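For reference, the structure discussed in these notes is given below.
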């Protein structure tokens with residue numbers, strides 16, 4: 001009979017990685033939905049999750065303002081996605097609702113507020129991720145129409161219209177880089 005206080009020897013802990021580390025493609029929707037157009041990334045991620053042609057090995061996360069924690073886990077993980085797509089709102093003086101892509105190398109190394117409120121140390125983590133193991137890092141960004149000075153959820157009309165274009169850009173990017181885009185079961 002075993003004593004309730006008797007301890008069983010523990011073996012090594014199993015290597016358990018989160019799904020977002022073991023997938024082929026990881027899409028991270030960044031932004032604070034409580035501040036207008038800053039919710040662009042989460043809106044794109046939500047729409048992408050409902051697309052039937054999204055690849056089965058793609059994990060899409062609405063990370064809000066917690067992107068650094070997820071990226072930190074990916075950088076430290078023993079296994080990583082082949083491709084990471086970060087979707088975020090930016091204010092870079094373009095037309096509101098304009099959508100374009102930036103590589104990790106193109107991310108400006110400037111102070112946080114000049115690019116995105118989620119940038120630093122996120123840009124450093126993205127550069128590191130692209131440097132190690134050849135992870136393909138892409139940022140799909142949308143130009144904001146403006147950010148409210150106080151809490152006000154909801155995208156402006158131009159940024160709202162940009163959401164489906166960003167989803168299409170991500171799917172095209174995945175196809176172009178050899179990711180298998182096929183219907184979900």
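Quick notes
- Whole-number D in µm² s⁻¹ for the range 24-176, Kirkwood Cα-pair radius fed into Stokes-Einstein, 10 °C, 1.306 mPa s: 104
- Backbone N under 11 Å from the residue 161 label point (7 Å along Cα→Cβ), restricted to the range 40-56: none
- Global geometry of the range 57-97, whether rounded, prolate or oblate, following the gyration tensor of its Cα atoms and the 1.5 cut on a/c: prolate
- Sorted ascending by nearby beta carbons within 10 Å, beginning with the fewest, 76, 147, 155 become 76, 147, 155.
- When 21, 174 are arranged by Cβ crowding within 10 Å, least crowded first, meaning fewest neighbours, the order is 21, 174.
- Length added when fully stretched, residue 66-residue 22, from 0.36 nm per residue minus Cα-Cα: 13.9 nm
Every number here is computed from the coordinates shown, using simple stated rules; none is lab data. Owing to the predicted nature of the structure, the values given are computational and were not obtained by experimental measurement. Every residue, glycine as well, gets a Cβ built from its backbone with ideal geometry; the counts of neighbours run over all protein chains shown.
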